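Report on the structure given below.
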Amino acid sequence: MTEPAPRRPARLSRWLAVALLALLALPGCTGSPPHGDELYASARQANLLFKEAVATLLVHVSDGSWQVQEYGDIPVDCHRGYAFSLHRTTYEGWTTDADAPTTADRLGDWLTARGWTTRPPAQHADGEVVVEASDPALDVATLTIEIRGGAGRADAIGVGATSTCFDGDPAELTAILYPGWPDHPVAHEPLPVGELAGATPIFGFTEDGEPR
């Protein structure tokens with residue numbers, strides 16, 4: 001004859017119920033994405049931390065200004081919310097102290113030593129060498145470094161990165177960052193075409209077109 005399963009003490013059952021309610025009360029545990037001012041605040045913090053993570057690499061490569069190909073403030077749609085994407089390149093005339101393959105190996109080793117997950121450098125037929133890495137702990141889903149040697153005249157490095165996904169509606173966030181979007185976005189100061197790696201990023205504009 002099968003013995004009945006032991007009953008859970010009533011005190012334990014009550015404790016588990018209270019613990020579950022407390023867990024559900026924690027921010028982000030209800031599954032409800034942020035909106036309005038809360039969305040802007042959380043997105044600004046996420047954008048800042050994402051850019052700071054990439055900036056550590058940029059400063060390691062060059063502590064001067066970088067050309068801005070993609071600023072990295074516009075949220076892009078991802079499978080459960082929004083993400084950010086940026087791209088920077090060195091200025092014309094910039095040079096490295098080693099060839100592209102050696103530079104790629106050094107950068108890969110530097111990232112690995114700091115906890116990034118890296119792939120072995122890949123050399124393309126045109127001589128470009130690419131290093132790919134990621135670090136979800138820093139909210140960086142993909143980091144791509146493109147290195148071109150200039151035969152001693154000028155070299156070029158491009159750094160592109162995409163963040164992990166964050167909770168929130170990308171369309172709502174874009175409308176907050178650019179008031180009047182999509183029909184009549186506010187006129188605003190142009191975003192930088194060049195920027196120091198550690199510069200405090202602009203994240204949206206006011207109704208008067210002033211950077212936030």
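Remarks
- Residues that are over 15 Å from the mean Cα position of the chain (by Cα) and surrounded by 18 or more Cβ atoms within 10 Å (Cβ to Cβ) within segment 189-212 comprise E195, G204, F205, listed in sequence order.
- Among the criteria (1) under 21 Å from P192 (Cβ atoms); (2) out of contact with any strand residue (DSSP E or B) (no Cβ under 8 Å at 6 or more places or on another chain); (3) not polar (S, T, N, Q), the one W110 does not fulfil is (1).
- Contact map, segment 31-52: residues that are farther than 17 Å from P211 by Cα paired with residues that are open to solvent by 80 Å² or more (accessible area, probe 1.4 Å) and in a helix (DSSP H, G or I), Cβ distance under 9 Å, separation 6+ or inter-chain. No pairs are found.
- P34 modelled with pLDDT of 90 or more, within 25 Å of V140 (Cβ to Cβ) and in a loop (DSSP other than H, G, I, E, B): yes
- Here L57 meets the list (1) open to solvent by less than 10 Å² (accessible area, probe 1.4 Å); (2) part of a loop (DSSP other than H, G, I, E, B) almost entirely, failing just condition (2).
- Taking the criterion of being surrounded by 14 or more Cβ atoms within 10 Å (Cβ to Cβ) and over 19 Å from S42 (Cβ atoms), the residues of segment 71-97 that qualify are Y71, H87, R88, T89, T90, W94, T96.
Residue-by-condition table, conditions (1) modelled with pLDDT under 90; (2) touching a Phe, Trp or Tyr at 6+ places or on another chain (Cβ under 9 Å):
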site	(1), (2)
G160	no, no
D167	no, yes
P170	no, yes
P185	yes, yes
L196	no, yes
P201	no, yes
F205	no, yes
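- Within segment 78-97, considering residues that are of a type in the set (G, A, S) and modelled with pLDDT of 90 or more, the one nearest to S62 (Cα to Cα): S85
- Residue in segment 159-170 that is among the small types (G, A, S) and surrounded by fewer than 15 Cβ atoms within 10 Å (Cβ to Cβ) present: no
The values are calculated or read from the model by the stated rules, or taken from the named source; none is laboratory data. All values derive from a computational prediction rather than experimental measurement. Methodologically, a virtual Cβ is constructed for each residue, glycine included, from the backbone with ideal geometry; neighbour enumeration extends over all protein chains shown. Surface areas here come from the heavy atoms of the whole protein model, side chains and all, with no ligands, DNA or RNA. Shrake-Rupley method; radii C 1.70, N 1.55, O 1.52, S 1.80 Å.
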